[in-house]
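Data first, discussion second: the structure below is written as structure tokens.
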Amino acid sequence: MGERFRATWHEAVLAESDQTVVVEGNHYFRPEDVKGEHLRPSASHTKCAWKGVASYYDVVVDGEVNRDAAWDYPEPRVAAERIKGRIAFWHGVRVEPV
């Protein structure tokens, strides 16, 4: 087990885990460590040459929406297999050690 990290936005805890995987400076949380009630699937997708296609989620807290502030790689390329299904955050979501 590693250091414990927590993702927060507007005082709400979105995720917390001591088993994140760090890729390109982003902490990827296991789905079971993410509070799904704060995520709403988005229609947005991006493509990374080595990771594959990312699917995005809006982060929703107390009716406020942070569009496309979370993402995952449901079917990553082989080089990124270790982040398959894990969720990362940006756009003002704070990921800090606990």
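Values in this text are rule-based calculations from the coordinates and carry no lab data. These numbers come from a predicted model, not from an experiment. Here the Cβ positions follow ideal geometry from the backbone for every residue, glycine too, while neighbour counts run over all protein chains shown.
Numbers below:
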| item | result |
| --- | --- |
| Amide H contacts under 5 Å for Arg4, placed H, 5+ residues apart | Val98 |
| Sparse-neighbour loop sites [trypsin sites (Lys or Arg not before Pro); the range 1-57; at most 15 other C-beta within 10 Å; DSSP] | Arg4, Lys35 |
| Gyration tensor verdict on the chain (Cα atoms; rounded if a/c is under 1.5, prolate if a/b is larger than b/c, oblate otherwise) | oblate |
| Of the GluC sites (Glu not before Pro) in the range 1-44, those whose Cβ has at most 12 other Cβ within 10 Å and which sit in DSSP loop | Glu3, Glu11, Glu24 |
| Rounded to whole Hz, the Karplus (6.51, -1.76, 1.60) HN-Hα couplings of the range 35-45, x for glycine and proline | 7, x, 5, 9, 10, 10, x, 10, 7, 6, 9 |
| Backbone HN-Hα couplings from phi across the range 73-86 [Karplus 6.51/-1.76/1.60, Hz, Gly and Pro as x] | 10, x, 9, x, 5, 3, 4, 10, 3, 5, 10, 3, x, 7 |
| GNM flexibility winner over the chain from Ala49, Ala70, Ala80 (Cα, springs under 10 Å) | Ala49 |
